Amino acid sequence: MIYSKSGDYKVKFYHDPKTGKSYVFEYINNLDDKQKAKILKFIEFSREHNGVLDEPYSKHIKDKIRELRIDFAKNKHRIFYFTFINKNIVLLHAFLKHAQKTPLNEIRIAENNYHIVINNPKIYE
């Protein structure tokens, strides 16, 4: 969890049930300090707005999955997330976007993680 006040939305990182790793957390943690700070600021901005931001900050991808869009110079960071029960925002998948369109394999990873969360709701409540 990043930050939460009583009654506010909380941000949680998806953890792979097989490895226990959070690839979104690792992705962010491996960036330089300036990029990391900007991404964390956007995540906090999303939390403050209950997980719903308009373009250009966020974009609907599929079903309940949204894409947080953080551009830093030529780097286009993308984090897939969705809002979940009990005011939780679950960060599903992160990647560095290189092409104009969002690659389908990145969307599929987020969808797979989304379904794992939906089928194991107690972990993220």
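Identify, please: which residue in the range 66-84 is of a type in the set (Phe, Trp, Tyr) and farther than 24 Å from Asp33 by Cβ and is, among those, surrounded by the fewest Cβ atoms within 10 Å (Cβ to Cβ)?
From the range 66-84, those of a type in the set (Phe, Trp, Tyr) are 72, 80-82, 84; that's our starting set.
From what is left, the residues that are farther than 24 Å from Asp33 by Cβ are 82, 84.
Details: Phe82: 22, Phe84: 20.
In this case the residue turns out to be Phe84.
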Tell me which of these Ala110 doesn't satisfy, since it passes every other one: (1) part of a strand (DSSP E or B); (2) of a type outside the set (D, E, K, R); (3) within 12 Å of the chain's Cα centre (by Cα). (1)
Residues to consider are Ile85, Ile65, Ile123, Ile107; find the one that is closer than 17 Å to Lys12 by Cβ, among the β-branched types (Val, Ile, Thr) and modelled with pLDDT of 95 or more. Ile65
Which residue is farthest from Pro121 (Cα to Cα), if the candidates are limited to the range 23-73 and must be free of Cβ contacts under 8 Å to residues at least 12 places away in the same chain and in contact with a strand residue (DSSP E or B) (Cβ under 6 Å, 6 or more places away or on another chain)? Lys59
Considering the range 87-102 alone, what residues qualify as being out of contact with any Lys or Arg (no Cβ under 8 Å at 6 or more places or on another chain) and surrounded by 10 or more Cβ atoms within 10 Å (Cβ to Cβ)? Leu92, His93
Only residues that are among the β-branched types (Val, Ile, Thr) and assigned to a strand (DSSP E or B): list them for the range 86-107, please. Ile89, Val90
Taking the stated definitions as given, is Glu55 loosely packed, with under 13 Cβ neighbours inside 10 Å, among the charged types (D, E, K, R) and modelled with pLDDT under 95? yes
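The values are calculated or read from the model by the stated rules, or taken from the named source; none is laboratory data. The shown structure was predicted, so the numbers you read here are calculated from the model rather than taken from an experiment. Neighbour counts run over all protein chains shown; Cβ positions are idealised from the backbone, glycine included.
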